[in-house]
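Readers should treat all values here as calculations from the given coordinates under stated rules, not as data from a laboratory. This is a predicted model, so every value here is computed, not measured. Heads up, the Cβs are rebuilt from the backbone with ideal geometry, glycines too, and the neighbour counts pull from every protein chain shown.
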Amino acid sequence: MSEIKIPTMADMAANGTTPEILFWVGCAGSFDDRYKNVTKAFIKILNKVGVSFAVLGPEETCTGDPARRAGNEFLFQMQAISNIQVMNGYNVKKVVTACPHCFNTIKNEYPALGGNYEVIHHSTFLQQLINDGKVSLKGGGEFKGKKITYHDSCYLGRANNIYEAPREVLEALDAELVEMKRCKTKGFCCGAGGAQMFKDAEQGKKEVNIERTEEALQTGADTIAVACPFCMTMMSDGVKNKEKEASVKVKDLAELIAEAENL
Amino acid sequence: MAYLQQILFVLTLAIAVYILTRRIKTIKGNIQLGKDLDLSNQPSQRFRNMLLVAFGQQKMFKKVIPAFLHLLIYVGFLVINIEVLEFILDGILGTHRLFAPYLGGFYNLLMNVFECLAIGVLVSCVAFLVRRNVLPIERFKSAEMTSWPKLDANLILVIEIILMVAILTMNASDQILQGRDAHYTTTGPLIFSGLLVPIFEPMSTSSLIIVERFAWWFHIVGILAFAVYVTYSKHLHIFMAFPNTYYSSLKPKGEMNNMDSVTNEVHIMLGIQADQSAPPAEVGRFGAKDVNDLSWLNIMNAYACTECGRCTAECPANQTGKKLSPRKIMMDTRDRAEEVGNSLAKGGKGLEDGKSLLGDYITQEEINACTSCNACVEACPVNINPLEIILELRRYVAMEESGSPASWNSMFQNIETSFAPWKFAPTDRFNWSQELKEESNS
């Protein structure tokens, strides 16, 4: 395989070029050991299809989403305005990200602060690649006959009405897509949104992610597909808690596509 | 005798209109305790939402059986109110079935339609009483469903049943009187009240007139009294659903409102030239501690809530046993707005009574449990947004009290110092690229 390319915006600017898209990696995609694998899978796909892209690399910082949801509007706006300055400085037009929280914030909340970009979540981006025939999924074989269930991320689904793109990506894998009882508009949260990721749950009878994992396991799927770093953590923890990690995998859409493409 | 009835009726109507006008004024005042918010944009889209969601009951149909039963009551309410118009005109003019001679055969059809709907309402109300009190439906038994909300719900159903029985009794006695007294205009046979005719047939004409008059008065006074009761009840949704859906958000559910007052300060802190032409934003309280910190739309939401609990039934925090219930957030908001409004009306302390929405009604434990998943917003049949209130309360706790949970404060600190919510060195942010290059070379 040819050398993998991960250009930064700074490199490109130095060469006087502008990429077509900025891949916004996000904090989980940069630091979280599990989610770094998703970032890597997505980079491999970008390399394979030959899209002109770049990342911000060390210049990227938190979008401010968890701060805003936890009530700290000052901190959110500090982050947002700084990020917008950087992105506008590079004349960014189009942003793709694998994190629904980053996606929601940059797409819906940055415009009020002067950041206007076309923002696409990687599920929609992957769906477009498949529709355009840029990802052919010739391999496909390893998913035949396997059952996959898709866990809706709240920030993709209800927050932004993206229900079909991730499902179309999974259907392209030639696997059997099985739905949980609560899906799409009624999808049950993994428990991590609204900055819950960064604190212990309040007193209750059960953890939200356990409730959701039980529902996912009931489908009999061997893969729980997710499209969000927080959902990834919560569902993986849930599967471990149920001692099913040997038989049930939690995977991001990008990882599944990369696997099917033998990348 | 006839004049006496007319005078009595006009008086009753005047009293009802007076009380209703006062109640509407009070509620309007309570809603206006909230902060100003300009929602005059996109009127055609807003009108469409109102038509689909309120008038067309679109979101009710996520649960088919209750939606169907509710539809019967709703259509019954809308259509039977046409008859109330005739009642009122008859009452003022001393006439009886004023419209009948003009409409002829169509009047008979109309009356039969009304009767079918009355039966539909009756059956639905009985079914709802059973659902509420007998069937094991969790959302009718949650913690916030204390004695008054439960009684209110049952009262509404029972009153509606009684009103429908009054209509049918009136029609039954009326049909017999049509053959005995020229004052009673012929309506033609009526299906359901016709079945009750044998019960009243043996009665003398004078007793029948008493039964008919009693049922007529009971029905119209009942409706007027119910209209007043509705303004104190969760049943107010029958009116508030319309403005509430009209003014509901047109933005993606994931978008939080930007605090412009903060933007100005952040611009100054970052040394960015602030927009000089803009007047300095009024820096009041950050976030919401009490109802006056919320927008009028938040308070209108609370008045539109009929406490069905679909929000709570979908809430992941509530369903896993946490204290948060989106329905309670709305009930608390309405209760607090009422409390403040009532106090101000009596010349009392109003907002300065030492109490507040956050603390005395809604606790931090409740708002801290929210995952901002928007399930409550999605579930609400009349587009109420409990999440916005929760997030405004969180803003107050974080920015005015620095009272967020300790782990959130650490998260804030991490973002400030490491530019990520976790404590990683910012210089390590791009390490994954090196890892990937090494992995793909090996």
Exercise for review: Please list, ordered by first then second residue, the pairs with beta carbon atoms under 7 Å, 6 or more apart or interchain, first in the range A:1-20 and more than 9 Å from chain B (Cβ to nearest Cβ) and within 18 Å of A:LYS94 (Cα to Cα), second surrounded by fewer than 13 Cβ atoms within 10 Å (Cβ to Cβ) and not β-branched (Val, Ile, Thr).
Suggested key: A:THR18/A:ASN91; A:PRO19/A:SER52; A:GLU20/A:SER52
Check your understanding: Out of all the residues in the range A:143-159, is one or more among the hydroxyl-bearing types (Ser, Thr, Tyr), surrounded by fewer than 21 Cβ atoms within 10 Å (Cβ to Cβ) and within 14 Å of chain B (Cβ to nearest Cβ)?
Key -> no
Study note, to complete from the structure: Of the conditions (1) outside any helix (DSSP H, G or I); (2) over 25 Å from the mean Cα position of the chain (by Cα), the single one that B:PHE87 does not satisfy is (1)
Point to revise | Residues of the range A:179-203 satisfying the condition of being surrounded by fewer than 19 Cβ atoms within 10 Å (Cβ to Cβ) and among the acidic types (Asp, Glu) | key: A:GLU179, A:ASP200
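Taking the condition exposed (fewer than 15 other Cβ atoms within 10 Å of the Cβ), at the interface with another protein chain (Cβ under 7 Å from one of its Cβ atoms) and part of a helix (DSSP H, G or I), does B:GLU365 pass? Give the steps one after another, and end with the answer.
On the way: exposed (fewer than 15 other Cβ atoms within 10 Å of the Cβ): yes; at the interface with another protein chain (Cβ under 7 Å from one of its Cβ atoms): yes; part of a helix (DSSP H, G or I): yes.
Yes.
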Review point. Looking only at the range A:193-233, which residues are closer than 15 Å to A:ARG34 by Cβ, within 10 Å of chain B (Cβ to nearest Cβ) and aliphatic (A, V, I, L, M)?
Key: A:MET197
**Study point:** Tally of residues being in contact (Cβ under 8 Å) with a residue 60 or more places away in the chain and either within 25 Å of A:ASN47 (Cα to Cα) or of a type in the set (Val, Ile, Thr) (or both) across the range B:394-442
**Key:** 1
Review point. Just checking, how many residues over the range A:159-199 are in contact with a Pro (Cβ under 9 Å, 6 or more places away or on another chain) and among the charged types (D, E, K, R)?
Key: 1
Review point. Under the condition of being more than 7 Å from every other protein chain (Cβ to nearest Cβ) and among the small types (Gly, Ala, Ser), which residue from the range B:411-442 is farthest from B:SER249 (Cα to Cα)?
Key: B:SER442
Exercise for review: Would you mind telling me which numbered condition in (1) under 30 Å from the mean Cα position of the chain (by Cα); (2) outside any helix (DSSP H, G or I); (3) crowded, with 17+ Cβ neighbours inside 10 Å B:ARG97 fails?
Suggested key: (1)
Exercise for review: Output the helices (runs of 4 or more DSSP H) that fall wholly within the range B:113-210 and possess 2 or more residues being free of Cβ contacts under 8 Å to residues at least 60 places away in the same chain and among the small types (Gly, Ala, Ser), or say none.
Suggested key: B:147-178
Check your understanding: In the range A:74-108, what residues are within 11 Å of chain B (Cβ to nearest Cβ) and either more than 22 Å from B:CYS373 (Cα to Cα) or over 18 Å from the mean Cα position of the chain (by Cα) (or both)?
Key -> A:PHE74, A:LEU75, A:PHE76, A:GLN77, A:MET78, A:GLN79, A:ALA80, A:ILE81, A:SER82, A:ASN83, A:ILE84, A:GLN85
Practice item. Return yes or no: is A:PHE23 crowded, with 24+ Cβ neighbours inside 10 Å, hydrophobic (A, V, I, L, M, F, W, C) and over 26 Å from B:ASN374 (Cβ atoms)? Key: yes
Point to revise | Single match in B:VAL64, B:VAL17 (criterion: of a type outside the set (Gly, Ala, Ser) and under 21 Å from B:LEU85 (Cα atoms)) | key: B:VAL17
Point to revise | Total residues in the range A:48-73, condition at the interface with chain B (Cβ under 10 Å from one of its Cβ atoms), under 18 Å from the mean Cα position of the chain (by Cα) and not hydroxyl-bearing (Ser, Thr, Tyr) | key: 8
Point to revise | Pick from the range B:386-410, criterion within 7 Å of chain A (Cβ to nearest Cβ) and in a loop (DSSP other than H, G, I, E, B), ranking: farthest from A:LYS199 (Cα to Cα) | key: B:SER404
Practice item. Using the structure shown, decide if A:ASN131 is of a type in the set (S, T, N, Q) and more than 14 Å from every other protein chain (Cβ to nearest Cβ). Key: yes
Exercise for review: Only one of these is under 21 Å from B:ILE27 (Cα atoms) and surrounded by fewer than 21 Cβ atoms within 10 Å (Cβ to Cβ): B:GLY354, B:GLY350, B:GLY321. Name it.
Suggested key: B:GLY350
Study note, to complete from the structure: Of those in the range A:62-82 that are in contact (Cβ under 8 Å) with a residue 12 or more places away in the chain and of a type in the set (Gly, Ala, Ser), the residue farthest from B:ASN368 (Cα to Cα) is A:SER82
